[in-house]
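Have a look at the structure below, then the notes.
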Amino acid sequence: MARADAEALKPLAPLLRQLREIKGVKEKSAGIFYGRIDAFVHFHVEGGALFADLKKPGGAGFDRYPLATPAEQRKLVEDAKLRARRFDDE
């Protein structure tokens, strides 16, 4: 599984814009987001499909999100917002 490059991420421009707006989350490079000092969201291409890995709520590992449909993309953004709330508590 390869990390998604800038070209692969172009169709996700609206999703990336929403992730950039989440308080406490910073994009270190194209499609690689950190929450505080830890990796938070990054993207992969696997079998020609785009996926996102979002840090698990407990901080150990990542959950994989398919991104083929607008509903799947909304789910990623919603979960990212919920999980980023912990940054306010720290």
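Laboratory data are not the source of any read-out in this text; all were calculated from the coordinates shown. Everything quoted here is computed from the prediction, not taken from an experiment. Here the Cβ positions follow ideal geometry from the backbone for every residue, glycine too, while neighbour counts run over all protein chains shown.
Tabulated data for the structure shown
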{"read-out": "Some residue of segment 18-25 being surrounded by fewer than 17 Cβ atoms within 10 Å (Cβ to Cβ) and assigned to a strand (DSSP E or B)", "value": "no"}
{"read-out": "Members of segment 46-65 found to be surrounded by fewer than 16 Cβ atoms within 10 Å (Cβ to Cβ) and among the hydrophobic types (A, V, I, L, M, F, W, C), listed by number", "value": "A49, A60, F62"}
{"read-out": "Subset of segment 26-45 [of a type outside the set (A, V, I, L, M, F, W, C), crowded, with 18+ Cβ neighbours inside 10 Å and on the phi < 0 side of the Ramachandran plot]", "value": "G35, H42"}
{"read-out": "Single unsatisfied condition, R83 versus (1) more than 9 Å from the chain's Cα centre (by Cα); (2) surrounded by fewer than 19 Cβ atoms within 10 Å (Cβ to Cβ)", "value": "(2)"}
{"read-out": "Within segment 34-66, tally of residues that are farther than 15 Å from E78 by Cβ and outside any loop (DSSP other than H, G, I, E, B)", "value": "15"}
{"read-out": "Top-ranked residue of segment 66-80 - restricted to ones that are charged (D, E, K, R) and surrounded by 15 or more Cβ atoms within 10 Å (Cβ to Cβ), ranked as nearest to A4 (Cα to Cα)", "value": "E72"}
